[in-house]
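Taking it in order: structure first as structure tokens, then the write-up.
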Amino acid sequence: MPCERKPMRYGHSEGHTDVCFDEDGKCIVTCGSDGDVRIWESIDDDDPKSVNVGEKAYSLALKNGKLVTAVSNNTVQIHTFPDGDPDGILTRFTTNANHVTFNSIGSRVAAGSSDFLVKVVEVSDSSQQKTLRGHEAPVLSVTFDPADEFLASSSCDGSVAVWKIEEQVQVTNLKVLQKSSDVSNAKSLCRLAWQPRSGKVLAVPVDTAVQLYERSTWNHVSTLSDDSITQAINVVIWSPCGRFLAAGTVGGYLAIWDVESKLCVERQKHEKGYTVCGMAWHPSGGQIAYTDTEGCLGLLDGLSSSSSSSSGVTAKADKAAVSKEAKDYDDLFDEADDLPLDEGLSDTRSPAKNPVVADEEEDDDLMPLTGRPRNRGAFLDDDENSLDAGSVKLDKFGDDDASSAILPAAAPAVPRPVYEGPMPTPPQRPFQPGSTPAHLMHRFMMWNSVGIIRGYNDEQDNAIDVEFHDTAVHHAMHLTNTHNHTMADLSQEAVLLACEGTDEFASKLQCLHFSSWDTNKEWMVDLPKGEDIKALCLGQGWAAVATSGLLIRLFSIGGVQKEIFSLPGPVVCMAGHGEQLLVSYHRGTGFDGDQALGVQLFQFGRKKRQVIHGEPLPLSRRAYLAWMGFTAEGTPCYVDSEGVVRMLNRSLGNTWTPVCNTRENCKSKSDHYWVVGIHENPQQLRCVPCKGSRFPPTLPRPAVAILAFKLPLCQTATEKGQMEEQYWRSVLLHNHFGFLSSSGYEIDEKSQTQAEKEQQELLMKMFALSCKLEREFRCVELAELMTQNVVTLAIRYASRSRRMALAQRLSELALEKANQMQEEEQEDKEPTYYRDWRRSEQYNGRTSQEENGYEEEDEEEEEPQDEQMDTEEVTENRKHRLNPFNRVPRSPEKTSPKVVTKEGRVNPFKVSGPGKATAGQARVANVLDTMTASNRKPAVLSNSSKQNKSPVLKPLVPKPKSKTQATLLQMSASKASSKKQQEKETVEEKQKQSEEPAPPEDSVVKRRPQTGFQLWLQENRTAIQEEHPDLEETGIIKEAMSRFRNLSEEDRLKLIERAKGEVADPKKRKREEVESKDVDNEKETDENGAKKKKPLDTSAKLSAFAFNKN
């Protein structure tokens, strides 16, 4: 189809324009942003007639001598043609009307506006109007079905809706477009066009291709594309005969397709490359008029008519039949041609895919195209047109006469199987959290808690502005964007910028390290050829980028390349905070609108580790990831497209808990909140409210709103539900205190104490409410969450409420908590390797008592006869037990640390004499005095005996002397209460079944004694390591203990004597007598065949026994 491109003519001032022909084709009619409508007799007309219709004219339509214009005063006006006399206002909107069109006979006008409405107005009686509601963003274009039954409209909400005019309802909604906040920000005007005469097909410009949808079924039947088109198509028009389709693009390309053969028969380029925003086909079919955004008018002349070109088209269709077979399989995924799922898969005839590989990130809008009807029939029909060069599919296009003129008789179609299973979801594109889409001329490249990075890319300037919330960090910066950076991040140390690669240049990473103390504050890195940066982030002292090669590359903040590792799938986004890196990626293909994302969390401390190992990232149904990052306190969190905010719950195995739903705060379906930051203390969700869009404009500067967190618990309208929600929200949002302290950060102890106080107050309120409701079991459940002091208050409350059974259970729970606290504190003082060994050996049976100073606990009830066996010895030791403590002030270095741990702690539930009770004891005395002995007590005491094992392994890893002495000083301070404590322990000792010696107290600090086990371990360590080379220190000790138990009693005694001989000690004889006595006790124990429990304080008992001998 050879044609001639006429030179452009100046028509209007710079801005949006529109064009049409009159019904006879004698005049070209244009309108522009100057508010004028000009009537040209031809392209060469030097004096066109001008009619002023308003301040700005956005669209026009002409039919039956009526000229309809959409004007900037929010009205649709009507004028006579060609005179241009005003003929009234057809309809009004609350904002500008963006597009108007006539129906086929000129009796109705449809108009779409920025207030999301579409109106259909009768020309003869403007009071007869139909309003179509349903779009969630400004309407871009409207078009009538030739049969006047349906109307199609496109919108900034990313959808193309088809309406049944008379019933004013949507019959289908195609989610095929990129979303935007306004017409000025839209990537394309998306001018729809219905095929003339038959109306069988609706043409929809989608990115760089035109998609055709069949009437009634609304199935996607075909895609028209061309290699020359690399930018979004703005407008499409049909030829009057319905056989050809023309399109104009943002980049100034003009293309014409023969719809039947899907071949591009004409390509033209705007002489200056300006955006084509208006097109009209001459009624005769020989010319196409077009206008651009600079206000100029152009003309393509000499186009062949459909009849003269039909034979040529048929010949081309015959030649294309073979190559078309391979392309038909693409029909399954042709609706997602503009997404990276097709990278490397499409053939050269799919220009809708090829440009996206190079320009995939041009739009960062991240709207997955979900929920639209699919052409399921094409899935298994990969050679549907192989029967004949033009059969089967060709009858779907064009009018019946034209089709029958060129088609041979088609064979009857054979029914084929149809795939009815779930359809794959196009994968979400990578994006930068806190940024707006990349195709916008003015956009936010990053908005976070440090500052704002704005990008400007228009004809005047291509620059980047960096603004800091706190100017003390750094002053504002203005950077020239010479490398066309599209990604950015900002921290307290640096600005990180990146761009994708082109055919000539590699993808670049640029860092402005403004916190550097030297003079060179900038560095740049080129990535390997063919590898593009898709996402980036900054942390404390490091930077990370994710690339198209499924790699994550780490850099120091000064530019040193560090670790590099692979991702399991294409990256979606990244975020950094301190020493943490959070990465989300595609772990597979989602179905039925769901995204299949995975997440990894890395910790880059002194010891690098992976905290989350690629677990699935939970999203709402049919939602995609909209924002991901960290709270100001360092807790990972993210937001999906449904407005649900989820936060990492470290205390529940790194699960994700929903903490807020921003949609609950939106007044309209089209409103959204754009998240810019999250704080846990105070509890704030910082976001920008967006009216009618998903992201804000750069100017005027958006205001930041603060939303509150709310967990989605049940029945939050009730008092119980409100308190439960407040408690668990407080627990979740204050987990960061534990994480920060464990990571070595300073924390606000005052805030932590206040939070714990609030939580305990809420628990006490819920406890009181449950008491009133007579839910005593629930009261005990709540008390399990309380601290020991608050349980004491709960006991008093229950006693005053005359619920003695509840008070009794709470008293038992309080005693349990007290002992649990003692165990936890004791564990903190144990060597780590011994604690691990003790936990693993907890249920493995008895150990060797006399050599190692260990006895395994017995969790069963004590037998009466065993208790009688030890009565005399316990009584004797009790008489002399105070002696070592009386010597503490004079010789603290001779006291065993074991004594410290038990004697230095006061039992808050022991009833003391007058003047010696603490406040906690006084509170619960009235309840606890009447408590009966619980069967928990033996287990508690055995737990205490379990803690006494630590001194044996201490010589392997000695503690610092200063720490031991400090502990002994603490013990001295508790001397006043030691007497009562010892009396309590004497009673507890009666429940023990055996006693064992401990190392002498006076050698703990000066020189630690060597036991028989340690001597045996020194001699046999090499042999054990040779047999088990993979064992660590804990494993070696375990294996040695097992072997040492198997030695005969005689061998063990010999080792003990040898060990004693190696340590010079003036009290050696006394120690031997003690050990000899314990050996005899051990023999008796073995004969009885029962496991024995260890006394609460063997060191103190041994000291008393030694003084008794003196």
* Treat each spin label as a single point 7 Å out from the Cα along the C-beta direction, and report the K608 to Q561 distance in nm. => 1.4 nm
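Do me a favour and compute the ellipsoid semi-axes for the stretch 717-808 from its Cα gyration tensor, root of five times each eigenvalue, largest one first, whole Å.
The answer is 29, 15, 9 Å, longest axis first.
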* To do: Could you grab the Rg to Rh ratio for the stretch 757-826? Cα atoms only, Kirkwood for Rh.
  => 0.98
* Asked: For the peptides 88-95, 280-287, what is the packing order when you average, over each peptide's residues, the other Cβ atoms within 10 Å and list the highest mean first?
  -> 280-287, 88-95
* Structure fact -> Pseudo-spin-label distance I89 to M524, built 7 Å along Cα→Cβ, given in nm, is 5.5 nm
* Surface accessible to a 1.4 Å probe, R609 within the full protein complex, Å² -> 130 Å²
* Structure fact -> Percent of all Cα-Cα pairs per 10 Å bin for the stretch 502-725, counting from 0 up to the last occupied bin, reads 7, 27, 33, 24, 7, 2, 0
* Asked: Between E122 and S651, what FRET efficiency comes out of the Förster formula 1/(1 + (r/R0)^6) with R0 = 56 Å and r the beta carbon distance, rounded to 0.05?
  -> 0.30
* Would you work out what percent of the accessible area of the stretch 502-725, with all protein chains in place, is carbon or sulfur (probe 1.4 Å)? => 52 percent
* Structure fact -> Net charge (Lys, Arg +1; Asp, Glu -1) of residues whose beta-carbon lies under 9 Å from that of P138, P138 excluded, is -3
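What is the stretch 502-725's relative contact order, in percent, from Cα pairs under 8 angstrom and six or more apart in sequence?
Details: 468 pairs, mean separation 19.3, N = 224.
Normalised by residue count, the contact order of the stretch 502-725 is 9 percent.
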* Structure fact -> Rounded to the angstrom and largest first, Cα extents along the principal axes for the stretch 1-152 equal 43, 33, 30
* Asked: With every protein chain present, what accessible area does K757 have (1.4 Å probe, heavy atoms only), rounded to the nearest 10 Å²?
  -> 120 Å²
* Relative contact order [Cα under 8 Å, 6+ residues apart], the stretch 171-254, whole percent -> 24 percent
* Asked: Taking the radius of gyration and the Kirkwood hydrodynamic radius from Cα positions alone, what is the Rg/Rh ratio for the stretch 4-301, to two decimal places?
  -> 0.93
* Structure fact -> the stretch 4-301: relative contact order from alpha carbon pairs under 8 Å, six or more residues apart, as a whole percent, is 14 percent
* To do: Determine Rg/Rh for the stretch 168-282; Rg is computed over alpha-carbon atoms and Rh is the Kirkwood hydrodynamic estimate from the same atoms.
  => 0.95
* To do: Provide the packing ranking of 786-792, 528-534, 423-429, i.e. peptides ordered by the mean count of other C-beta atoms within 10 Å per residue, highest first.
  => 423-429, 786-792, 528-534
* Structure fact -> One finds, for A705 and E41 with R0 = 45 angstrom and r their Cβ-Cβ distance, a FRET efficiency to the nearest 0.05 of 0.20
* List the residues of the stretch 708-738 whose backbone N lies under 18 Å from a point placed 7 Å from the Cα of E615 along the Cα-to-Cβ direction. => 732-736
* Report, to the nearest whole %, how much of the accessible area of the stretch 178-255 belongs to carbon and sulfur atoms, 1.4 Å probe, protein only. => 46 percent
* In square angstrom, rounded to the nearest 10, how much accessible surface does E266 have for a 1.4 Å probe? -> 20 Å²
* Could you compute the FRET efficiency for E756 and K1054, with r as their C-beta to C-beta distance and R0 at 41 Å, rounded to 0.05? => 0.15
* Could you tell me which of the pairs K710/K757; K667/K757; K508/K608; K187/K272; K63/K179; K607/K757 are separated by over 25 angstrom between their Cα atoms in the structure shown? => K667/K757; K508/K608; K63/K179; K607/K757
* When ligands, DNA and RNA are left out and all protein chains stay put, how many square angstrom of accessible area per residue does the stretch 504-582 have with a 1.4 Å probe? -> 42 Å²
* Asked: Using bins 5 angstrom wide from zero, how does P(r) for the stretch 92-242 break down, in % of all Cα pairs?
  -> 2, 10, 20, 24, 21, 14, 6, 2, 0, 0
* Asked: By average Cβ neighbour count within 10 Å, what is the ranking of 499-509, 632-642 from highest down?
  -> 632-642, 499-509
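The values are calculated or read from the model by the stated rules, or taken from the named source; none is laboratory data. Nothing here was measured: the structure is a model prediction, and the numbers come from that model. Please note: Cβ atoms are built from the backbone with ideal geometry, for glycine as well, and neighbour counts cover all protein chains shown. These area figures cover heavy atoms from the full protein model, side chains too; ligands, DNA and RNA do not enter into them. Shrake-Rupley method; radii C 1.70, N 1.55, O 1.52, S 1.80 Å.
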